[in-house]
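In what follows, a structure is listed as structure tokens, so that the remarks can point back to it.
A short reminder: the numbers here are calculations on the coordinates, not readings from a lab. Nothing here was measured: the structure is a model prediction, and the numbers come from that model. FYI the Cβ positions are ideal-geometry reconstructions off the backbone, even for glycines, and counts take in every protein chain you see.
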Amino acid sequence: MTKLFQLAPLAAALTLTGVSPAILADDADIEARLAALEARVMAAERRAAAAEARLDEQAAAEEYETRLAALEDKASSDDGFSFSAYARSGLLLGDEGKSLPGGPYVTPAGTVGGAVGRLGNEPDTYVHARLNHQHTFDNGAKQRFQVSFADSVETSNDWTANESELNIRQVFVELSDLPSLENSAFEDATLWAGKRLDRDIHDIHWLDSDVVKLAGLGAGVYDVQLGDSWKANFSLYGRSFDDFRLDPEDTELSDDTDSLVLTTNNYVGNWQLMFNAISAADNDQRMTDGPGTAADSGFHSMLAYKGDSFFGMADGGFRAALLHGQGLGAEVKQIGANGDLLDDAKATRLAIQGTTYLTPSWRIAPALLAEVSEDRFIEGDDYRWASLNARIANELSENFEMQYEASFQAMDLDPQGYRGRSAVEGNFSKLTIAPTFKPDVGGFWQRPELRAFASYTAWDDELNDFSTDDAFGQEGYTGGQWSFGVQAETWF
């Protein structure tokens, strides 16, 4: 009986584990059964401890997942710092092993914006690096700050401080998602102020030419919703013209002025319509190089279209723009940047570009840039030029392709003696072959690229007489020569 009283607590515990106390009735084998039951209790305790450990592990895992999700949300937001850049650097040599002049604006037409193909035609090192900081406030408002630096040199030396053109290109702040602007046309708008290149600049990459460039110090607002498919940007930019003479007797430059550009940029579907009014007080007092009065105001406009196919003929895309300006607006690419333009100056420019695949391994990017202008700097001057360019690539493996570029420019320039320049008429042509390595082929916008290249350039002899201080006509650079080089280009 004493043993049974001793086993009473154990029997109660066994009942909780589902074991009947009836097993204690047979006193003959009580010891064996007791040992077995003790083992089962210990096993149950181990299972309970393991279950508790699993619960603790599950709780820890859930906490980890919660923290990870929070980190992922933070990483996917716009908060924090980011870095982006464009850069190119390479060596351009003639067949005698000496450096050659080059660049998209090397021709006489380049003095008025006439660019030619850039592949195998760039002797410079250029970098534009952008550092951004973005932050979302507790009320949902967002800010973005950007500072960017740019530099361009043509020397091959490693230390270029004497030749450097290092410049702080942009310093601005943007504000967006402001709660007080909800339920208005400005609900999705972005406000900004500072020094910047306009957000919606677009270019013809193959010619290294902006279609239109708006830049300076000022303020504005992007993406004002004026209709179901109509958004508009509004801005005021200021630029400073160089010092200039008010009187021919002055031996030094004695005055300057500011150029103010008031812009509205409208987007309706695939269409873009841009208007710019330009004013520069007292610029009409500037001394000119010949007959005519310098402009103190101007007007600029652009009609552009962004296509979703390759001119309706194939998959790909294209962009076309028609620009016109008068007075200070006759510098149709870099708006409000040229104070030498006459009051009667007029210019009209056409820019067209596209990209498509001809076959699964061949792609092409043609471009056309052309302009006619008159009364730019001296009454009666006349500038006419047109550039046709085609970049072609053959993708031969996952990391290698052959690139080709053909460029042709026709020009008829009559500067009327402006800056000692002579009237010329003629053609320029360039053909480039460039074996190219890249991490992954598959389009014209994949970078970085490492290239070797060989280019042949030729032009009419008459173009050598345009100016005594340009590249054409120099010894060893009179047209009809080969150039060779290597280049790296990247953006991210």
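As a calculated quantity, the FRET efficiency between A406 and Q474 at R0 = 22 Å, using C-beta atoms, amounts to about 0.35. Among 275-288, 106-119, sorting by the average number of other beta carbon atoms lying within 10 angstrom of each residue, highest first, gives 106-119, 275-288.
Each peptide in 170-177, 409-416 was scored by the mean count of other Cβ atoms within 10 Å over its residues; highest first, the order is 409-416, 170-177. Taken one residue at a time, the phi angles of the stretch 81-87 give Karplus couplings (6.51, -1.76, 1.60, θ = phi - 60°) of 9, 9, 9, 9, 6, 10, 8 Hz. Gly and Pro are set to x.
With Cα atoms defining each centre, the stretch 155-193 and the stretch 426-492 are spaced 32 Å apart in the structure.
The alpha-carbon atoms of the stretch 284-416, seen along their principal axes, cover 61, 26, 23 angstrom, with the largest extent given first. Couplings 3J(HN,Hα) of the stretch 222-237, computed from phi: 9, 6, 7, 7, 9, x, 4, 10, 10, 10, 9, 10, 10, 7, 10, 10 Hz, in residue order, whole Hz [Karplus 6.51 cos²θ - 1.76 cosθ + 1.60, θ = phi - 60°; x for Gly and Pro]. Here r is the Cβ-Cβ distance between D256 and F234 and R0 is 22 Å; the resulting FRET efficiency, rounded to 0.05, is 0.20. With R₀ set to 41 Å, the beta-carbon distance separating Q225 from S422 gives a calculated FRET efficiency near 0.20. Along the stretch 126-131 the Karplus relation, 6.51 cos²θ - 1.76 cosθ + 1.60 evaluated at θ = phi - 60°, assigns HN-Hα couplings of 9, 9, 10, 10, 10, 10 Hz to successive residues, with x for each Gly and Pro.
How much net charge surrounds K98 when only the other residues with a Cβ under 14 Å from the Cβ of K98 are counted, with Lys and Arg +1 and Asp and Glu -1? Around K98, the charge tally is -4.
Taking a ≥ b ≥ c as the square roots of the eigenvalues of the alpha-carbon gyration tensor, the stretch 84-491 is classed oblate because a/c is 1.5 or more while a/b is no larger than b/c.
Subtract the Cα-Cα distance of R130 and A193 from 0.36 nm times their separation in residues, and report this length gain in nm to one decimal. List each step's numbers first, then the result.
On the way: separation 63, 0.36 × 63 = 22.68 nm, distance 1.68 nm.
Stretched out fully, the R130 to A193 stretch lengthens by 21.0 nm.
Using the Cα coordinates of the stretch 85-199, the gyration tensor eigenvalues translate into equivalent-ellipsoid semi-axes of 41, 17, 10 Å, sorted from longest to shortest.
Put simply, the amide H of T257, placed in the peptide plane, has neighbours under 5 Å in F241, leaving out anything fewer than 5 places away on its chain. Computed from label points 7 Å out along Cα-Cβ, the spacing between D138 and L91 is 6.0 nm.
Which whole-number percentage describes the relative contact order of the stretch 84-491, with Cα contacts under 8 Å and a sequence gap of 6 or more?
Numbers: 1158 pairs, mean separation 52.6, N = 408.
Once normalised by length, the contact order is 13 percent.
Relative contact order for the stretch 127-277: 13 percent, from Cα pairs under 8 Å spaced at least 6 residues apart, divided by residue count.
Could you state the number of Å between the C-alpha centres of the stretch 99-123 and the stretch 205-233? Taking the Cα centre of the stretch 99-123 as reference, the centre of the stretch 205-233 is 27 Å away. Between amide H atoms placed 1.01 Å from N, distances below 5 Å from Q170 occur with S148, all of them 5 or more places distant or on a separate chain.
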